[in-house]
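Peer 1: Next up is a structure, given as structure tokens.
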Amino acid sequence: MGVRDLLSPFTAWKNLFRDPVSIRDPLNRAAAPRYRGFHQNDNAKCIGCGTCETICQNGAIDMLPVASIATKQGDSGLRPRIDYGRCCWCALCVDVCMTGSLTMSNAYTWVESDPDAFRFTPGIDKKHWDDEELGYHRPAGHQLTGRVRMHMPEMEAEERIGSFAEIVNGYSVDQAKLEADRCVSCGLCIATCPTHMAIPDYIKAVRDGDYARGVALLYETNPFSGICGRVCTHKCETTCAARHEGDPIAIRWLKRHIMDQVTPGQIRTAIGKPSAPTGKKVAIVGAGPAGLTAAFDLAKQGHAVTVFEALAQPGGMTRWGIPEYRLPYDIIDQDVDIIRSVGVDIRCNVRIGKDITLDELRSTHDVVLLGLGLQLGRATRIPGSDHADVRKAVDLLRQATAGEDFGTPRTAVVIGGGNVAMDIARTLARLQKAVYGEVRVTLTALEERARFLADPEEIKEAGEEGVVILDARGPQQVMVENGKVTGLKTWRVKAIFDEQGRFAPSYDESDEQIHAGSMVVEAIGQMTDASLLGDELTELLTWNRGRIQVDAGGRTSESWLWAVGDMVHGPDVVTAVADGHRVAASIHANLIVTEQRK
Amino acid sequence: MSYVPDRSQYPAKKADGTLDIDLTSGKYLKLWQGPNHPGITGNMSVELTVCGDEVVEGKTHVGYLHRGFEKLMERRTFIQCFPIVCRICVPEPDFNEYCYAAAVEELAGIQSPVRADWIRTLILEMGRINSYMMYLGGQAGAFGLGVIAQWTTYVRDLMLDRFEELTGARIYHMFIMPGGVRDGLPEGFDQRMEETLCEMERTLKDVYEVMFCNAVFKKRSVGVGVIDPAWLEAYGVTGPNARAAGVAKDVRKDQPYLVYSELDFAPVTGQDSDIYTRADVRRRDVLVSIDLIRQILAKMPRSGPLMAKVPNVLHWKIPRGETYIRGECSRGEYGYYLVTDGSGYPRRVNVRGPSYTHAMALLERMIVNVNISDVAGLMVSLHTYPPEIER
């Protein structure tokens, strides 16, 4: 210790001549641009998926209904309310937000005497920092959930055009687990699925490798899981939270993956045994998805169910409409066999109205349920369309399934832009490839390509297989020379709908084309063949634009007669399944009530 | 005119080695230091038995800050633990984030990107400086030099500004995630960091003049609170407490992690192992950290990924395993022992904070025969943070 140690401390006095370093106005100090301050939520972008609530380790976030936001497809209508007594500003909620709607402002201080004010719904309860641009936003590329869909292995175009073998290979166990890992279990898909399948739960079963649990969950809501796992219109994927900043989860393929992994024995174990017989008899006309779903439910509840099918095999449009390369027949057989295993009696090659009358069914059963489907193709009614070589797509597809030779045309023109049009175009392409070695199919549709009703992958794959796809072409005349069809004349479509939004196509007549083809196929929609009802019953029933009018439970105006599926609702498998459940529940309730009244 | 203690009043030793203290004799007084002590040692207390103004026995009491973090984490998913761990050490939270992230990454088989490692190292050194700044203020304050804390708090605040612009928060940064770091350096960060480091060097010069070249401070710290080098192994003493005793223990050198093997530095050591030497070792360690930050900013890659690909964090499961991750924090060896059982939750997390050994066992040994007025200075000189004792 020396003199320096005595004098040196006095150098502190030099600070008397320095400016103070303290901040004069700490309340209005600007925070850093990344500062994690109070939350902002863009409620137009927010879908109320609740992922923020799930990840919050403080339980600071509650998803609550908000008066100004309605629940709709893909939006739960809930919004996060944040309790700043619990929030720790870790911003994990911002990091996992599926839409990027949740951000943080750089609001640094907020003084309020009311403690309840510190619990509010960002974006709904207005705050001065709502429009603040600075603050923590999830940095680009900072992802805590997977955003890219696992690629589905499938056959290349050259290979698949050579046969009717299934195109899509299905996921391996590892691939399925990785895809299932991306799901955030928000459940928006459940609300969207017509039959409200427990999607997040069965995806969890895939993650856990617990396929027995997975298949039990599938069969709770959908006895057509093998079929839907391949050809479902997967509306669920259109509302998936993951689609907002990436690819939607491959829900349909994961469902298929579960079905691919289980044996029929496991499925039968999962669905359990039917209830004790009730002594009630139900006749179902039509062994399609709607009729068979209703049959499955009613049989499980102990009713004696007999299904009458006019064609040689059950499955309805899934068998007779959808080509084998999309849905192999053994998959249909497997699903149908499970339905049979609960006691459903399916009688094929029995046409009601011809082999048995409807009255006979009525007299021998407590309830008759019609699930006729849409088996008649609609006609364009353009000149020349009455020629024998102008065919309906549904008829051709039915013949293709049956293995009948309808005379594969060397060149063909398909009218229509939906999935049925794609199905017949691709079926013809395969047949042409086998018979002539080359594909000469032209497909014309009224819509522009972007507005085709067909699935985008169907359009893409049809193109890859050599089908020439022409959009915005209106069919005008089937060209016939010497009694033989030579092609189709089309004009370019200017607009499909008029100013009032009614269907009234207008054409540019100067843009006329003739597409060569020895066969023209109409694939512009279907309708029901209700001739089995007979004139008297048809007169008695109430009709709505060509469809039988039913109540919410599927009952027609005749108390013994019910209707289900495509003939009353829209044409897709999963909607038919949902309808089958609904109508079965209604029939069951009705049968039990009648029983109790006795 | 030196002080000669009157040993005639001192308690005799019993056969088992403990002191024979008869409180009814009137010779002894029980005195509690803490838990509400304004010193930097925070929420722990020492139960002192004094004879005159000299401590004859000291018992440490902890538990005032127990929040059960280790247990809380067993009921939270791996990502949900990430915002919790920083709270285990308030003044230098980043070590918890790093050790936890590194442990999770090791067991999950994830490699954090190189750029993230550089940023992690940068953050750890920034945190070390802040921790030392808090210490220097506390050490000086314990001996009555109030102005030092004002200066060190000022430069610590400048470093908090840098933390704020880099991580988005001042104290609990929550920036080092399992998988990497949240973001890269903001625009103009290097320039502002350099200004901060220059201001820090200037302040450290002032601190040296006013604190370390100060007769009052020296009188109370030189030769006081000596840690016998022979105790180091027995008590598990690490960090500056060990280095001031001449043992160059430094995990950054001994078992390099992150990018320390690419940086040029030497552990700071001292010889006398008293309060003054420990303070001086820490002061010089700040200079090392300042140099390290300059090296990091000069060498670090400016592009590349910041996060490794991690599974969906909402249901992240980690296979069965266990690991111990360690690093050199400002107080010594910091470690995380993590056990996983294949589920989505940690089976066990054990935090090895250096304060546990320093503040409890070592302090009880050192506090005997110390004057009451030196107890605060001695406690601070071990540089302990109670939250990491009571995880």
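Peer 1: Let me have the 222 nm mean residue ellipticity of chain A computed from DSSP H runs of 4+ only, each contributing -39500 (n - 2.57), with the sum over all residues rounded to the nearest 500.
Peer 2: -9000 deg cm²/dmol
Peer 1: Follow-up. Using a 10 Å cut-off on Cβ to Cβ distances, tally the other chain neighbours for every residue of A:132-140 and report the average as a whole number.
Peer 2: Counting Cβ atoms of other protein chains within 10 Å of each residue's Cβ and averaging gives 2.
Peer 1: With viscosity set to 1.002 mPa s at 20 °C, what whole-number translational diffusion coefficient in µm²/s follows for the stretch B:78-385 from Stokes-Einstein and a Kirkwood radius over Cα pairs?
Peer 2: Reported coefficient: 108 µm²/s.
Peer 1: Let me know the mean shielding of B:164-177 by other chains, meaning the per-residue number of their Cβ atoms within 10 Å of its Cβ.
Peer 2: Details: counts 8, 5, 2, 5, 13, 11, 4, 0, 4, 1, 6, 2, 0, 5.
Other-chain Cβ atoms within 10 Å of each residue's Cβ, averaged: 5.
Peer 1: Turning to a different aspect of this structure: Charges on Cβ only, +1 for Lys and Arg, -1 for Asp and Glu, centred on the Cα centroid of the protein assembly as shown; of A:GLY135, A:TYR84, B:VAL237, which one is farthest towards the dipole's positive end?
Peer 2: Value computed over the given set: B:VAL237.
Peer 1: Let me ask you something else. Taking chain B as a Gaussian network, Cα atoms linked when under 10 Å apart, which of B:ASN241, B:ASN130, B:ASN36 shows the biggest mean-square fluctuation?
Peer 2: Fluctuation is largest for B:ASN36.
Peer 1: What is the set of long-range amide H partners of B:SER343 at a cut-off below 5 Å, with H atoms built 1.01 Å from backbone N?
Peer 2: B:ILE318
Peer 1: I'd like the trypsin sites (Lys or Arg not before Pro) in the stretch A:440-545 restricted to DSSP loop residues with at most 13 other Cβ atoms within 10 Å, sorted by number.
Peer 2: Sparse-neighbourhood loop trypsin sites (Lys or Arg not before Pro): A:ARG502, A:ARG545.
Peer 1: Among A:CYS49, A:GLY525, A:VAL173, pick out the residue whose Cα is farthest towards the positive end of the charge dipole of chain A, where Lys and Arg carry +1 and Asp and Glu carry -1 on C-beta, about the Cα centre.
Peer 2: Positive-end residue among those listed: A:CYS49.
Peer 1: Could you please rank B:ASP190, A:ASP366, placing first whichever residue has the fewest other Cβ atoms within 10 Å of its Cβ?
Peer 2: If I rank by nearby Cβ atoms, fewest first, I get B:ASP190, A:ASP366.
Peer 1: Something else: Measuring from centroid to centroid over Cα atoms, what is the spacing of the stretch A:527-598 and the stretch B:127-166 in Å?
Peer 2: 79
Peer 1: Loop only per DSSP, at most 11 neighbouring Cβ atoms within 10 Å: give me the trypsin sites (Lys or Arg not before Pro) in the stretch A:53-131, ordered by residue number. Walk me through the numbers on the way to the answer.
Peer 2: Details: sites: A:LYS72, A:ARG81, A:ARG86, A:ARG119, A:LYS126, A:LYS127; in loops: A:ARG86, A:LYS126, A:LYS127.
In loop regions of the stretch A:53-131 (DSSP not H, G, I, E or B), the sparsely surrounded trypsin sites (Lys or Arg not before Pro) are A:LYS126.
Peer 1: Okay, moving on. Out of the DSSP beta bridges found with both residues in the protein assembly as shown, what percent are antiparallel (nearest 5)?
Peer 2: Values: 66 of 97 bridges.
Roughly 70 percent of the DSSP beta bridges within the protein assembly as shown come out antiparallel.
Peer 1: Grab the other residues whose beta carbon is less than 13 angstrom from that of A:SER510, score K and R as +1, D and E as -1, and report the net. Please report the intermediate quantities before stating the final value.
Peer 2: Numbers: positive: A:ARG492, A:LYS494; negative: A:ASP508, A:GLU509, A:ASP511, A:GLU512.
Its environment carries a net charge of -2.
Peer 1: Under a straight-distance cross-link criterion of Cα-Cα below 18 Å, which lysines are reachable from A:LYS281, leaving out those fewer than 8 residues away in the same chain?
Peer 2: Excluding near neighbours in sequence, the set is A:LYS300, A:LYS598.
Peer 1: A follow-up question, please. If you fit an axis through the alpha-carbon atoms of helix B:94-108 and take the longest principal axis of the Cα set of chain B, what angle between them do you get, 0 to 90°, nearest 10?
Peer 2: For helix B:94-108, the angle is close to 50 degrees.
Peer 1: Can you compute the FRET efficiency between A:ALA117 and B:ARG75 using 1/(1 + (r/R0)^6), with r the Cβ-Cβ distance and R0 = 22 Å? Round to the nearest 0.05.
Peer 2: On the way: r = 30 Å, r/R0 = 1.38.
Taking R0 as 22 Å, the efficiency between A:ALA117 and B:ARG75 is 0.10.
Peer 1: Mind listing the phi-derived Karplus ³J(HN,Hα) values for the stretch B:204-221, rounded to whole Hz, using 6.51, -1.76 and 1.60 with θ = phi - 60°, and x for any glycine or proline?
Peer 2: My calculation for the stretch B:204-221 gives 5, 4, 4, 4, 4, 5, 8, 9, 7, 9, 9, 4, 5, 5, 5, 4, 9, 10 Hz in order.
Peer 1: Note down the relative contact order for chain B as a percent, whole number, built from C-alpha pairs under 8 angstrom at least six residues apart.
Peer 2: Numbers: 730 pairs, mean separation 95.0, N = 391.
The value is 24 percent.
Peer 1: Please sort B:109-117, A:168-176 by packing, taking for each peptide the average over its residues of neighbouring beta carbons within 10 angstrom, highest first.
Peer 2: B:109-117, A:168-176
Peer 1: Mean-square fluctuation check for chain B, GNM, Cα pairs under 10 Å: which of B:VAL281, B:VAL50, B:VAL237 is largest?
Peer 2: B:VAL50
Peer 1: A further question on this structure: Quickly estimate the mean residue ellipticity at 222 nm for chain B, helices only: each DSSP H run with n ≥ 4 gives -39500 (n - 2.57), and the total goes over all residues, rounded to 500.
Peer 2: -12500 deg cm²/dmol
Peer 1: Another question, then. Looking only at B:GLN255, B:GLN139, B:GLN33, which one moves most when chain B is put into a Gaussian network model with springs between Cα atoms under 10 Å?
Peer 2: Maximum among the listed residues: B:GLN255.
Peer 1: I've got another one for you. Once you have the Cα-Cα distance between B:ASP272 and B:ASP161, take 0.36 nm times their residue separation minus that, and quote the gain in nm to one decimal.
Peer 2: Between B:ASP272 and B:ASP161, full extension yields 36.4 nm more.
Peer 1: Can you pull the semi-axes for the stretch A:162-270, root of five times each eigenvalue of the Cα gyration tensor, sorted largest first, whole Å?
Peer 2: 20, 17, 14
Peer 1: May I pose another question? For the stretch B:233-273, what is the charge dipole size about the Cα centre, in debye to the nearest 20, if Lys and Arg each add +1 at the Cβ and Asp and Glu each add -1 at the Cβ?
Peer 2: Details: 4 positive and 6 negative charges, 12 e Å.
I would put it at about 60 debye.
Peer 1: Using DSSP to define loop residues, name the trypsin sites (Lys or Arg not before Pro) in the stretch A:335-435 whose beta-carbon has at most 10 other beta-carbon atoms within 10 Å.
Peer 2: A:LYS354, A:ARG381
Peer 1: Any idea what the dipole of chain A comes to, in debye rounded to 20, about its Cα centre with Lys/Arg Cβ at +1 and Asp/Glu Cβ at -1?
Peer 2: The dipole magnitude comes to about 1140 debye.
Peer 1: May I pose another question? Take peptide A:4-12, look around each residue's Cβ out to 10 angstrom, count Cβ atoms belonging to other protein chains, and average those counts.
Peer 2: Mean shielding count: 6.
Peer 1: Still on this structure, please answer the following. If neighbour count is taken as other Cβ atoms inside 10 Å, put B:ASP20, B:ASP264 in order from fewest to most. Provide the component values of the computation, followed by the final result.
Peer 2: Numbers: B:ASP20 10, B:ASP264 7.
The order, fewest Cβ neighbours first, is B:ASP264, B:ASP20.
Peer 1: Moving on to the next point. Based on DSSP loop calls and a cut-off of at most 11 other Cβ atoms within 10 Å, the longest stretch of chain A free of exposed GluC sites (Glu not before Pro) is what? Walk me through the intermediate numbers first.
Peer 2: Details: sites that count: A:GLU112, A:GLU133, A:GLU156, A:GLU404, A:GLU438, A:GLU499.
After excluding every exposed loop site, the longest remaining stretch is A:157-403.
Peer 1: Using the structure shown, list the pairs from B:LYS253/B:LYS317; A:LYS433/A:LYS489; A:LYS255/A:LYS460 with a Cα-Cα distance above 31 Å, or answer none.
Peer 2: Distance filter (> 31 Å) returns B:LYS253/B:LYS317.
Peer 1: Using alpha carbon centroids, what distance separates the stretch B:180-205 and the stretch A:27-63, in Å?
Peer 2: After rounding, the separation between the Cα centres reads 28 Å.
Peer 1: Mind putting together the pair-distance distribution for chain A? All Cα pairs, 10 Å bins, whole percent per bin, short to long.
Peer 2: Reading upward from the zero bin: 3, 14, 20, 21, 18, 11, 6, 3, 2, 2, 1, 0, 0.
Peer 1: Determine the dipole magnitude for the stretch A:26-120: charges of +1 sit on the beta-carbon of Lys and Arg, -1 on that of Asp and Glu, nothing else is charged, the reference point is the Cα centre, and the result goes in debye to the nearest 20. Walk me through the numbers on the way to the answer.
Peer 2: Values: 9 positive and 9 negative charges, 49 e Å.
For this selection, approximately 240 debye.
Peer 1: When the Cα centres of the stretch A:269-302 and the stretch B:316-366 are compared, how far apart do they sit, in Å?
Peer 2: What the calculation gives is 60 Å, centre to centre.
Peer 1: Test of understanding: ordering A:SER557, A:SER76, B:SER273 by Cβ neighbours within 10 Å, fewest first, what list do you get? Working shown, then result.
Peer 2: Numbers: A:SER557 13, A:SER76 20, B:SER273 25.
Ordered from fewest to most neighbouring Cβ atoms within 10 Å, A:SER557, A:SER76, B:SER273 come out as A:SER557, A:SER76, B:SER273.
We did not get these values from a lab; they are worked out from the coordinates using the rules stated. These numbers come from a predicted model, not from an experiment. FYI the Cβ positions are ideal-geometry reconstructions off the backbone, even for glycines, and counts take in every protein chain you see.
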